[in-house]
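I have placed the structure first, in the form of structure tokens, so that the comments after it can refer back to it.
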Amino acid sequence: MRLLIVGGSDAGISAALRAREVAPDTEVTVVVADSFPNYSICGLPFYLSGEVLDWRNLAHRTVEEIERKGIKLLLDHTAHAIDPAHKFVTVTNRAGHNRILAYDRLVIATGAMPSKPPFEGNNLPGVHLLHSMADAFRMQQHLTHKPPHSAVIVGAGYIGLEIADALVQRGVPHVTLVVRSESVLRTTLSPSMAQVVEDELRRHGITVAKGIAVESVRARGSRLAISGTQGYEATTDLVLLAVGLRPSTELAQTAGVITGTQGAICVNREMATNVPDIYAAGDCAETWHRLLNKPTYLPLGTTAHKQGRIAGENAVGGRRQFAGSLGTQVVKVFDLAVARTGLREEDARGAGFDPLSHELRVWDHKAYYPGARELCVRVTGDRNTGRLLGAQIIGHWRSEVAKRIDSFATALFHDVHVEEMNDIDLSYAPPFSSPWDPVQMSAQAWVIAYQNSSKKENTL
Ligand SMILES: Cc1cc2nc3c(=O)[nH]c(=O)nc-3n(C[C@H](O)[C@H](O)[C@H](O)COP(=O)(O)OP(=O)(O)OC[C@H]3O[C@@H](n4cnc5c(N)ncnc54)[C@H](O)[C@@H]3O)c2cc1C
């Protein structure tokens with residue numbers, strides 16, 4: 001069996017490793033457009049901030065470690081076309097030489113590309129994107145050889161915020177986030193929670209310009225002049241565009257693979273496409289949402305690993321199903337960890353639930369033990385059934401925010417009701433938590449809010 005995988009990042013390498021685990025006789029070849037297989041692009045902001053000193057340390061595995069698993073890597077080769085009738089893929093190397101690679105099963109793991117807003121000047125020197133190692137090297141070069149006095153980041157999703165943090169750590173005196181919406185992390189957090197993040201950004205000297213769509217970037221001497229709606233004007237030394245992603249599906253389309261949600265490749269729960277013997281996984285593919293029960297587009301490293309593993313197993317004869325994503329995420333923004341899982345109230349309402357949310361401020365561990373810090377926990381449940389729908393948590397990044405959002409994520413995975421959160425046997429000692437963990441205290445507060453809202457309805 002010849003398994004060919006196009007793409008050598010989270011999804012592609014996960015597929016390759018799993019295929020070799022379950023079917024060790026499989027001939028696995030991974031075609032990678034660049035020279036950086038299995039690099040953690042999630043680590044790029046920490047390389048730029050200076051926290052990770054050597055970019056080589058960003059590799060999840062070295063080339064030798066991958067090859068030792070019996071996986072053949074074809075680096076610096078770009079796949080251009082798939083012939084599904086004759087089962088081969090045409091690839092071209094850096095020197096422009098073509099090769100034809102035959103396959104029995106194919107996994108497409110071509111990832112995504114950062115969206116470039118179509119305004120004038122989006123390609124000027126000094127205007128950056130951050131998605132690949134090459135992007136990071138370009139930006140590192142800029143920061144090292146022409147240290148900017150100011151930087152403008154267009155977009156305030158989690159990548160924009162991580163870069164804002166990195167630039168401040170790197171000593172850039174003036175950093176501005178320009179965001180089209182009225183809040184940061186618009187698709188991740190509810191507005192009241194986003195406000196906590198915005199306060200943290202301002203506390204660290206970041207200017208947040210909201211409700212502004214950038215319209216152009218022009219060279220002005222050695223600097224860049226930015227114009228936007230509402231008369232926005234700024235002159236800066238570095239611009240980073242972080243406004244989202246579009247799935248890379250050009251290759252898949254040459255085989256007649258169908259695309260759907262936000263242009264991502266349509267796959268079934270076994271990660272199979274509509275074309276026989278072709279699978280897809282990771283940021284190029286749709287994501288089954290466990291609560292919405294439908295395909296969505298949620299490009300995350302966690303999901304890419306899981307989908308890749310399933311595609312790899314199924315490509316060599318398995319029948320595993322992707323269990324679905326809950327959109328669980330955590331991001332460090334200066335001193336805060338910001339996390340969410342499941343649906344926000346606004347998403348839940350759109351999906352036909354009757355959501356009720358309750359926000360609680362609570363100590364992360366017993367207040368008498370030194371170092372206690374406040375967590376802000378927002379729980380969303382269904383008013384009709386009491387079912388847990390989602391949670392958001394913000395707190396100091398050493399306050400075990402990630403562990404706590406993962407408790408909610410695990411509960412959501414098992415369809416737990418908010419009240420049942422109180423039955424879970426969670427750990428406790430005063431330096432870490434309370435006899436009722438903040439997860440449970442916030443569940444209890446939600447239950448009281450739920451009962452009060454039901455009483456109010458009954459009286460009306
Ligand atoms: C700055 C940053 C921070 C992030 N932080 C987090 C985080 O903290 N947590 C999290 O869960 N996610 C995070 N992500 C998202 C995560 O990195 C992606 O979801 C994940 O890398 C997707 O993996 P992938 O394998 O699907 O695609 P990609 O990582 O995009 O890789 C695509 C691969 O395909 C190859 N390729 C593409 N086209 C071709 C072709 N035609 N021929 C040959 N090879 C091809 C590329 O060379 C590459 O190897 C972050 C992303 C960025 C950019």
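Things to note:
- Residue within region 161-181 that is surrounded by fewer than 22 Cβ atoms within 10 Å (Cβ to Cβ) and more than 16 Å from L238 (Cβ to Cβ) present: yes
- Residues in region 47-60 that are under 23 Å from S14 (Cα atoms) and surrounded by 16 or more Cβ atoms within 10 Å (Cβ to Cβ): W55, L58, A59, H60.
- E51 meets all of the listed conditions (1) closer than 16 Å to I310 by Cβ; (2) within 15 Å of the ligand (Cβ to nearest atom); (3) charged (D, E, K, R) but one, namely (1).
- Scope region 215-241; condition surrounded by 18 or more Cβ atoms within 10 Å (Cβ to Cβ) and either farther than 25 Å from G171 by Cα or charged (D, E, K, R) (or both); matching residues: G228, D237
- Taking the criterion of being in contact with a helix residue (DSSP H, G or I) (Cβ under 9 Å, 6 or more places away or on another chain) and closer than 17 Å to K403 by Cα, the residues of region 434-455 that qualify are S434, W436, D437, P438, V439, Q440, S442, A443.
- Whichever residue in region 301-340 is assigned to a loop (DSSP other than H, G, I, E, B) and of a type in the set (S, T, N, Q) and, among such residues, is nearest to the ligand (Cβ to nearest atom): T328
- Index of the failed condition, L343 passing every other in (1) touching a residue at least 60 places away in the same chain (Cβ under 8 Å); (2) of a type outside the set (S, T, N, Q); (3) more than 16 Å from the ligand (Cβ to nearest atom): (1)
- The lone exception for V267 - which of (1) within 25 Å of D382 (Cβ to Cβ); (2) part of a loop (DSSP other than H, G, I, E, B); (3) hydrophobic (A, V, I, L, M, F, W, C); (4) away from the ligand (no atom under 11 Å from the Cβ) it fails: (1)
- Long-range neighbours under 9 Å by Cβ, at least six apart or interchain, first residue farther than 21 Å from G381 by Cα and among the charged types (D, E, K, R) within region 411-431, second surrounded by 14 or more Cβ atoms within 10 Å (Cβ to Cβ) and modelled with pLDDT of 95 or more: none
- Residues in region 14-34 that are near the ligand (Cβ under 9 Å from one of its atoms) and out of contact with any strand residue (DSSP E or B) (no Cβ under 7 Å at 6 or more places or on another chain) were compared, and the one that is nearest to E313 (Cα to Cα) is S14.
For (1) more than 26 Å from the chain's Cα centre (by Cα); (2) free of Cβ contacts under 8 Å to residues at least 12 places away in the same chain; (3) crowded, with 20+ Cβ neighbours inside 10 Å; (4) in a loop (DSSP other than H, G, I, E, B), each residue gets a yes or a no:
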| residue | (1), (2), (3), (4) |
| --- | --- |
| P24 | yes, no, no, yes |
| V30 | no, no, yes, no |
| S35 | no, no, no, yes |
| C42 | no, no, no, no |
| K72 | yes, no, no, no |
| T78 | no, no, no, no |
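- Out of H128, H77, sole residue that is farther than 18 Å from A16 by Cβ and of a type outside the set (D, E): H128
- Note on region 220-242: residues that are closer than 20 Å to L161 by Cα and modelled with pLDDT under 95 amount to 0.
- Candidates T207, T254, T302 - the one that is farther than 28 Å from G395 by Cα, modelled with pLDDT of 95 or more and among the polar types (S, T, N, Q): T254
- Among the residues of region 97-130, those that are assigned to a strand (DSSP E or B) and either away from the ligand (no atom under 16 Å from the Cβ) or surrounded by fewer than 16 Cβ atoms within 10 Å (Cβ to Cβ) (or both) comprise N98, R99, I100, A102, R105, E120, V127.
- Checking the stated criteria, I108 turns out not to satisfy the condition of being of a type outside the set (S, T, Y) and either over 30 Å from G318 (Cβ atoms) or more than 27 Å from the chain's Cα centre (by Cα) (or both).
- Qualifying residue in region 402-410 (condition: hydroxyl-bearing (S, T, Y), outside any helix (DSSP H, G or I) and buried (at least 20 other Cβ atoms within 10 Å of the Cβ)): no
- Any strands (runs of 3 or more DSSP E) falling wholly within region 151-253 and containing at least 3 residues that are within 14 Å of the ligand (Cβ to nearest atom): 245-247
- Pair list, Cβ under 9 Å, 6 or more apart: region 237-250 residue touching a residue at least 40 places away in the same chain (Cβ under 8 Å), other residue polar (S, T, N, Q) and assigned to a strand (DSSP E or B): D237/S150; L238/S150; P247/T259; T249/T259
The values are calculated or read from the model by the stated rules, or taken from the named source; none is laboratory data. No experiment lies behind these values; they were computed from the predicted model shown. A quick note on method: Cβ atoms are made from the backbone with ideal geometry, for glycine too, and the neighbour counts reach across all protein chains shown.
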